[in-house]
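Asker: Sharing a structure below in structure tokens format, with a few things to ask.
The values are calculated or read from the model by the stated rules, or taken from the named source; none is laboratory data. Keep in mind the model is a prediction, meaning the values are calculated, not measured. Using ideal geometry, Cβ is built from the backbone for each residue, glycine included, and neighbour counts are taken over all protein chains shown.
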Amino acid sequence: MVSVMNVYLCHNTSLCFIREWSCRQAVSLRAFHDSSMPLNELLPHGAFSSTSILRSAMTREGQIRQLLRESDDAILKAIEGSCAAQTPFASGHRKGGSGQGCSKARLHVLVDRPGVSDTQHIAFHRSSLDYPRGSFLQVAPHVRICSPELTFVQMASVLPYGSLLALGYELCGCYPISDEPNIRLVRRPLTTPQRLLAYCERLHQAPGAKLARIAAREVRARSASPKETELAALALAPVRQGGFGLPDAKLNEPIALSAAAAKVARGFTIVCDLYWPKAAFGIEYDGRASHGGSGGQTRDSRRRDALALDGIDLLTVTSDQLSNVTECEVLLDHARVRVGKTPRRRKQGFIEKHMVLRHDIRNFHQNPWG
């Protein structure tokens, strides 16, 4: 009896797939903020059948590429095409897609046996781990990808802390995929901080698992752009990792308005980039590209006035201020006091750690493949 062979795509290749899948399965911003919608319906785990078994993995390049080529899934075909051409996969991207492609053209494949050598087009990763439930998602017949949670752990073996933290924010976020103001589409989240941390704690024996657990503890859900990720990560990451160590905040949490404030805002809720409910204080990143340019100034003014009517203070951080270490420090120190924490004197060596964290986050956003 001949056993059925499976392909297990991992590392950069599984990341490539889930990024593109989430863009092609976009949801409206309203649906994303609708707390009554079960989150599992949005996640890949709710869309694909899953397993924890790594068994009978294909190890021959020709068979692997043929299987991907014959798949009905357009993303898998694009990935196989990028491997064959040794160029970033960009074909088939519609307007509003991820636009990133798979810049690591070589396929990354997980196998369950030793003695398998890399080829020009495929990097094989040998593993004998016992994987937790839901580690692999079946995306086509005999084709499985590593789950977002397992992919996060795998990438921890090649990314530094700041870049891994940015990846965690991305996986749990909803970065916009349409610049059209009337469409307001966002890509699906790929996991949650709770799922990410729970998985990292279960797969403690994997390479990079320790760093993955450290980073997963600091990931927050619902970031809506790379700049929001940078702001949140710098503000909330622990001081020992180079962050400012502000208390936990809600990201893009809808705030219900009073009747008077709703009239000013012309809506019943307002979403702040970072929000501390008990302190009635929020931070908003003001980047012209992400807030509709100059045409959004009136809307921004209405939002600030509406929040002020309800006793909520809003601190605005511009792109230039976020980039300037001194100005950013002053603003986030003010935020720390405003949310009820005493100012803290930073120990020698903090600024070096902070600059490394900044560099690694920005480097990831410029080169999101490690």
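Asker: Return only the number of the condition from (1) part of a helix (DSSP H, G or I); (2) in contact with an Asp or Glu (Cβ under 6 Å, 6 or more places away or on another chain) that T119 does not satisfy.
Answerer: With respect to (1) part of a helix (DSSP H, G or I); (2) in contact with an Asp or Glu (Cβ under 6 Å, 6 or more places away or on another chain), T119 is out only on (1).
Asker: If I filter the range 138-163 down to residues being under 19 Å from R24 (Cα atoms) and in contact with a Cys (Cβ under 8 Å, 6 or more places away or on another chain), which single residue comes out as surrounded by the most Cβ atoms within 10 Å (Cβ to Cβ)?
Answerer: I145
Asker: Next question. Take the residues of the range 248-275 that are in a strand (DSSP E or B) and not aliphatic (A, V, I, L, M): which is surrounded by the fewest Cβ atoms within 10 Å (Cβ to Cβ)?
Answerer: So the residue we want is T269.
Asker: Check off (1) modelled with pLDDT under 95; (2) part of a loop (DSSP other than H, G, I, E, B) for G311 and give me the number that stays unchecked.
Answerer: All conditions are met except number (1).
Asker: Do we have G245 as among the small types (G, A, S), crowded, with 19+ Cβ neighbours inside 10 Å and either in a loop (DSSP other than H, G, I, E, B) or outside the structural domain of G349 (by TED's automatic domain parsing) (or both) here?
Answerer: When the stated conditions are applied, G245 does not pass them.
Asker: Pairs under 6 Å by beta carbon, first residue assigned to a loop (DSSP other than H, G, I, E, B) in the range 133-162, partner crowded, with 18+ Cβ neighbours inside 10 Å and of a type in the set (D, E), six or more apart or different chains?
Answerer: Matching pairs, first to second residue: P160/D360.
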